[in-house]
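Visitor: Sharing a structure, written as structure tokens. Questions coming.
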Amino acid sequence: MPEISGGCLCGKVRFTANGDPGFVGICHCRNCQRQSGSAFAVVLGFPVAAVAVQGELKTYTDTGDSGKSLFRRFCPECGSSISTEVEVMPGMIILKAGTLDDPSTVKPMMQIYCDSAQPWVSLGGEMKCFPKMPG
């Protein structure tokens, strides 16, 4: 994947990411459902060094099922969720696919927290589905 770019709803936060993501997936955990306001979040994981963010982000510290912290970052003006950094994945930043300028280039390869998936969600494709976070 070449350089990708994206940003928040109001345009005060912009980002770029270079290279191929380490993973592209769909998260069905309840906290991602709550944060996204939807049934799941589509996410891309990149090394922190590959991502540049312009603009101010506010951080909400969440706790994952591991007991470790997740740092959910969003635009303080419009509330758009931009990224998450997870203590159990040091050196990685997770970007929200819905904030990409061209989200049509995203192809999720897996689903996580499928035990929390809403029963009315049916996604096509041959994605591996993990009940929780894979080890």
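FYI, it's all coordinate maths here, none of it is from the lab. Computed from a predicted model, the values in this text were never measured in an experiment. So basically every Cβ, Gly included, is an ideal-geometry build from the backbone, and we count neighbours across all protein chains shown.
Visitor: Exceeding 22 Å between C-alpha atoms, which entries from my cross-link table qualify? They are Lys107/Lys132; Lys58/Lys132; Lys68/Lys128; Lys12/Lys107; Lys68/Lys107; Lys58/Lys96.
Guide: Working: Lys107/Lys132 20 Å; Lys58/Lys132 27 Å; Lys68/Lys128 25 Å; Lys12/Lys107 27 Å; Lys68/Lys107 28 Å; Lys58/Lys96 15 Å.
Beyond 22 Å between Cα atoms: Lys58/Lys132; Lys68/Lys128; Lys12/Lys107; Lys68/Lys107.
Visitor: Now a separate question. Would you kindly state how much longer the chain becomes between Asp62 and Thr105 on full extension, computed as 0.36 nm times their sequence separation minus their alpha carbon distance, in nm to one decimal? Numbers along the way, then the final one.
Guide: Details: separation 43, 0.36 × 43 = 15.48 nm, distance 2.89 nm.
Gain on stretching Asp62 to Thr105: 12.6 nm.
Visitor: Can you give me the orientation-averaged projected area of the convex hull built on the Cα atoms of the chain, in nm²?
Guide: 7.8 nm²
Visitor: Which one, Gln111, Gln33, Gln54, has the greatest fluctuation when you compute a Gaussian network model over the chain with C-alpha springs under 10 angstrom?
Guide: Looking only at Gln111, Gln33, Gln54, the biggest GNM fluctuation is shown by Gln54.
Visitor: Work from the charge dipole of the chain (Cβ charges, +1 for Lys and Arg, -1 for Asp and Glu, about the Cα centre) and give the residue of Cys10, Ala49, Val24 farthest towards its positive end.
Guide: Cys10
Visitor: Then there is this: For segment 18-46 and segment 78-123, write down the distance between their C-alpha centroids in whole Å.
Guide: Cα centroid to Cα centroid, the span is 1 Å.
Visitor: Which residue, Gly55, Gly22, Gly67, tops the fluctuation ranking in a GNM of the chain built on C-alpha contacts under 10 Å?
Guide: Result for the chain, Cα springs under 10 Å: Gly67 fluctuates most.
Visitor: Would you please state which residues of segment 99-124 a label at Arg30 would reach in this model, taking the label point 7 Å out along Cα→Cβ and a backbone N cut-off of under 19 Å?
Guide: 112-121, by backbone N distance to the label point.
Visitor: Please build a GNM for the chain, connecting alpha carbons under 10 Å apart, and tell me which residue among Phe23, Phe74, Phe46 fluctuates the most.
Guide: Among Phe23, Phe74, Phe46, the largest mean-square fluctuation in the Gaussian network model of the chain belongs to Phe23.
Visitor: Using Cα pairs under 8 angstrom and six or more residues apart, how large is the relative contact order of segment 4-129, in percent? Provide the component values of the computation, followed by the final result.
Guide: Values: 259 pairs, mean separation 37.9, N = 126.
30 percent.
Visitor: Need one word for segment 66-128: rounded, prolate or oblate. Basis is the Cα gyration tensor (sqrt eigenvalues a ≥ b ≥ c); a/c below 1.5 gives rounded, then a/b vs b/c decides.
Guide: Working: a/c = 1.71, a/b = 1.23, b/c = 1.38.
Verdict is oblate for segment 66-128.
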